[in-house]
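Inspection log for the structure reproduced underneath, given as structure tokens.
The values are calculated or read from the model by the stated rules, or taken from the named source; none is laboratory data. This one's a predicted model, so the numbers in the text were calculated from it and none came from an experiment. For neighbour counting, all protein chains shown are included, and Cβ atoms are generated from backbone atoms with ideal geometry for every residue, glycine included. These accessible areas exclude ligands, DNA and RNA; they are computed on the full protein's heavy atoms, side chains included. Shrake-Rupley method; radii C 1.70, N 1.55, O 1.52, S 1.80 Å.
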Amino acid sequence: MKLDPIVISLLDTDLYKFNMNQVIFHKHTDLCGEYVFKCRNQGVKFTQEMLDEINEQIDYLCTLRFRKDELDYLRSIRFIKNDYVEFLRLWHPIREYVSTSLSEDGTLSCIVDGPLFSAMQFEIYLLEIINEVYFRMQYDYEKLVESARERLDQKIEDFNSGKYTFQFAEFGCRRRLSREWEDVVIRRLTSETKNCVGTSCVYFAKKYNLKPIGTYAHEFVQMYQGIDSIPLAYTNHFALQDWYDEYQGDNGTALSDTLTTDLFLLDFNHSMVNNYTGIRHDSGDPYEWGEKIINHYKKFGVDPKSKTLLFSNSLDFDRAQALHEYFCKKSRVSFGIGTYCSNDTEAEALNIVIKLQYVNGRPVAKLSDEPGKAMCQDPEYLEYLKNAVAFRIEREKIKG
């Protein structure tokens, strides 16, 4: 089964890839990174035919270059700088950085290894390719689309009837059923409701003149673990500072849970509270997290209603509505909804990730507020990191 090209534009990725990459381009071009694919679903098997198609799609991806109109669009985003856009004029995905294989039990291996500024850009493209190949070759694709259309019709009806009253951004490109289905979803949600305020996907933001939305991901904080001069329990401090130096508060939603929210809040001091417009939730109990963040703002005399709580962890529309009703009178509230926008079908969606695992040969990890989300190739390092984080948190408690 031969598929048409899946990724047809280098803009077909999340905005935060460009945001993070610009900081790396300006500050950390000496870093090298290794990313590793993982499917968190149990019992999912890939076939040799799927692997062959994935490899052909990666080959095609690596022929793509940014077009002039795409570079001009990136330049129009107020915090994307001209020197970085000129770098992207020269940049392209390099095939030799990506290796794939298949084990006898059908487990897919995909590893990206190269200069961090280049390796990091592969993540979303590869997830889009792997996910679409799997669903087109494993299932009756047209039947899946029909079930997705029925569910989308219901969501739109629920927004227009007033069942759902929150506003959200579509965050679905990494695990979408297909590019063509995500196109339908974004077009309909933005034209048939007043609730979808933008998308993380730069390609569709450009196509439909929508607001591209995103700041940074866990990998941005993780990469500082690979810099010898930075103590492990202080990586949030250096990440927050570099981000502010780059964007001066113009791109200011922080991510709290890379090394647990408790550690993050030690570095999210009065200056950072004022410098950032909000914080994104991505693991752990969202209600406990939201109350913890609100109390942190109050500690510094900041009105929580002047800041945004952005929820993005495995949200469906009912969960988002419940969170909206609970927090909307306490703070600004926003939502990023991914899989339940772009791949809500009768089949179980894949929970697939490609995570940064090594920087300059050193292991790195995400701890998260949800132990099951931790992913690290080196168990000894993961335990060392946990101890470093726990030691600093305990020491700060003693200091008062």
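Structural remarks
- Model label points for Asp303 and Asp140, set 7 angstrom from Cα along the Cα-to-Cβ axis, are 5.7 nm apart.
- Counting only aspartates and glutamates at least 8 places from Lys194 when in the same chain, those with an alpha carbon closer than 14 Å to its own are Glu157, Asp158, Glu170.
- Isolated cysteines in the chain, defined as those with no second cysteine Cβ under 4.7 Å, comprise Cys32, Cys39, Cys62, Cys110, Cys196, Cys328, Cys341, Cys376.
- Segment 233-366: C-alpha pair distances exceeding 20 Å, %: 51
- Fluctuation leader among Gly43, Gly198, Gly172 - the chain, Gaussian network, Cα springs under 10 angstrom: Gly43
- Per-residue packing, averaged as other Cβ atoms within 10 Å, sorts the ranges 122-132, 56-66 into the order 122-132, 56-66, beginning with the highest.
- Taking label positions 7 Å along the Cα-Cβ direction at both Ser271 and Ser9, the computed distance is 4.0 nm, reported to one decimal.
- Taking 7 Å steps out from each Cα toward its Cβ at Arg89 and Asp245 produces label points 2.7 nm apart.
- Of the cross-linked pairs Lys163/Lys298; Lys81/Lys373; Lys299/Lys330, those separated by over 25 Å at the C-alpha level are Lys163/Lys298; Lys81/Lys373.
- The Cα center of segment 42-89 and the Cα center of segment 271-286 differ in position by 29 Å.
- Residue-normalised accessible area of segment 160-306, expressed per residue, 1.4 Å probe, Å²: 36
- Nearest-10 value in Å² for the accessible area of Tyr358, using the 1.4 Å probe: 60
- Based on DSSP H segments of at least four residues, each scored -39500 (n - 2.57), the chain has a per-residue ellipticity at 222 nm of -14500 deg cm²/dmol.
- Too-long pairs where the Cα-Cα distance tops 20 Å, listed order kept, from Lys305/Lys397; Lys307/Lys329; Lys17/Lys206: Lys305/Lys397
- Here the accessible area of segment 314-354 is 43 percent carbon and sulfur, with a 1.4 angstrom probe and all protein chains present.
- Of the accessible area of segment 28-106, computed with a 1.4 Å probe over protein heavy atoms only, carbon and sulfur atoms account for 51 percent.
- Counted charge near Gly290, where neighbours are those whose Cβ lies closer than 14 Å (Asp, Glu -1; Lys, Arg +1): +2
- Local net charge near Ile186, Cβ-Cβ under 9 Å (Lys/Arg +1, Asp/Glu -1): 0
- Protein accessible area in segment 143-292, 1.4 Å probe - carbon and sulfur %: 45
- Distant-in-sequence amide H partners of Tyr358 (H built 1.01 Å from N, under 5 Å): Glu34, Val364
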